[in-house]
Amino acid sequence: MLQKSAEMIFACKKCKKCFRKDAAEFDETDEYCPHCDNHFVIEAIEPEARLHVEGEDARMDNRMLKDERVARDKERSLFNIRDVSDRMG
């Protein structure tokens, strides 16, 4: 049976050597390869919160955009009693 351990095995991308680090006592100095001093831990960048509409380029495909200059048909709804007569048989 495997024993639980706090030891982790890393492989350096620069010098291609493997080494072990104790994850229970991980310091800032442990972020470097002991063989070539390559900094192998990259800080995570938190995405900034923003609200935007995802879609294709509007110049190529403008189906998402509503042109107010074009006359539209009268909007119909399932919840409007006057429009139900068209749909009920």
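The values are calculated or read from the model by the stated rules, or taken from the named source; none is laboratory data. The structure displayed is predicted, hence computed values, not measured ones. Note that each Cβ is placed from the backbone with ideal geometry, even for glycine, and that neighbours are counted across all protein chains shown.
Assorted remarks:
- If the condition is being modelled with pLDDT of 85 or more, surrounded by 10 or more Cβ atoms within 10 Å (Cβ to Cβ), assigned to a loop (DSSP other than H, G, I, E, B) and not charged (D, E, K, R), then segment 6-59 contributes ALA6, CYS12, CYS15, CYS33, PRO34, HIS35, CYS36, ASN38.
- Pairs are defined by a Cβ separation below 6 Å, a sequence spacing of at least 6 or placement on different chains, a first member in segment 18-45 that is closer than 16 Å to GLU7 by Cβ, and a second member that is among the acidic types (Asp, Glu) and not in a strand (DSSP E or B); the pairs so defined are LYS21/ASP30.
- Selection status of ARG82, at pLDDT below 75 and assigned to a helix (DSSP H, G or I): yes
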